[in-house]
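What follows is a single structure, written as C-alpha cells, with notes after it.
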Amino acid sequence: MKSIQTIIKVNKQALDEKRQELVELEGQKEQLINWQKKMKDELAKEFDFAVKNPEMSITFDYYRKLISRRQVNLKLALDDLNLQIENITLQIAELFGEVKKYEIIEQQKLAKILNEQKLRDSKALDEIAISNYLKERNVQEG
C-alpha cells in the first residue's frame with residue numbers, strides 16, 4: 001500500500017513540476033506576443049512619421065526591413081514555444097492519467113481491505129450469536 005502512495009506522491013510532484021514549466025512557457029509566449037504587438041505599433045508610428053517627413057523615408061525602409069526580420073525571428077520563437085507547450089501539455093495529461101490510475105488502484109485496495117474486515121466482523125458476530133444460541137439452548141434443555 002505504501003508503495004502505491006509513494007508512486008502517487010512522486011507522480012504528483014512530477015505533475016506539479018510540469019505545470020510550473022507550462023506556466024513559465026505561457027509567460028514567455030505572452031511576452032513574445034507583447035513584443036510582436038509593440039513592434040507592429042512602432043512600425044505604424046514610424047510609417048506615419050516617414051509619410052509626414054519624406055526625407056526620413058530612406059531610413060524607414062531600412063527600419064521596416066529590420067523590424068520584418070525581427071518579426072520573423074519572433075514568429076519562429078513563438079512556433080518553438082507552441083511546440084514546447086504542446087509537448088508539456090501532453091506530458092501533463094499522461095502524468096495526470098498515471099496519478100488517477102494509481103489513485104483508483106489505491107481506492108480499490110482500500111475497499112477490498114474494508115470489505116474483508118466487514119466479512120471478518122460479520123463472521124465473528126455470527127459465531128458469537130451461534131455460541132449464545134447454543135448456550136441458551138443447552139440451558140433450556142438442561
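Derivation of every value follows stated rules applied to the coordinates shown; laboratory data play no part. Computed from a predicted structure; not experimentally measured. All Cβ positions, glycine included, derive from the backbone under ideal geometry; neighbour counts span all protein chains shown.
Over the chain, what is the mean sequence separation of C-alpha contacts under 8 Å (at least six apart), divided by residue count, expressed as relative contact order in percent? Computed value for the chain: 43 percent relative contact order. On full extension, the segment bounded by GLU127 and ILE105 gains 4.6 nm, given 0.36 nm per residue less the C-alpha separation. The simple Förster model, with R0 at 25 Å and r as the Cβ-Cβ distance, assigns SER68 and GLU30 a FRET efficiency of 0.65.
Build a GNM of the chain with springs between Cα atoms under 10 Å apart, and of LEU74, LEU114, LEU22 the one that fluctuates most is LEU114.
Dipole check for the chain: with +1 at the C-beta of Lys and Arg, -1 at the C-beta of Asp and Glu, and the Cα centre as origin, the magnitude is about 60 Debye.
Computed per residue of the chain from DSSP H runs no shorter than four, each worth -39500 (n - 2.57), the mean residue ellipticity at 222 nm is -36500 deg cm²/dmol. Remark: ILE58, ILE33 ranked as ILE58, ILE33, counting other beta-carbon atoms within 10 Å and listing the fewest first.
To make sure I understand, if each residue's beta carbon is the centre and we count other beta carbons within 10 Å, what order do VAL51, VAL99 fall in, fewest to most?
VAL51, VAL99
All other residues whose Cβ lies under 13 angstrom from that of ILE7 are scored, Lys and Arg at +1 and Asp and Glu at -1, for a net of +3.
Compared with the dominant principal axis of the Cα atoms in the chain, helix 57-141 is inclined by about 10°.
Between SER122, SER68, SER57, the Gaussian network model of the chain with springs among Cα atoms under 10 angstrom shows the greatest mean-square fluctuation at SER122. How tilted is helix 2-52 with respect to the longest principal axis of the chain? Cα atoms for both, answer in degrees (0 to 90, nearest 10). It works out to around 20 degrees. Within the listed set LEU15, LEU83, LEU95, the residue fluctuating most in the Gaussian network model of the chain (springs between alpha-carbon atoms under 10 angstrom) is LEU83. The percentage of C-alpha pairs in the chain whose separation is greater than 25 Å is 64%.
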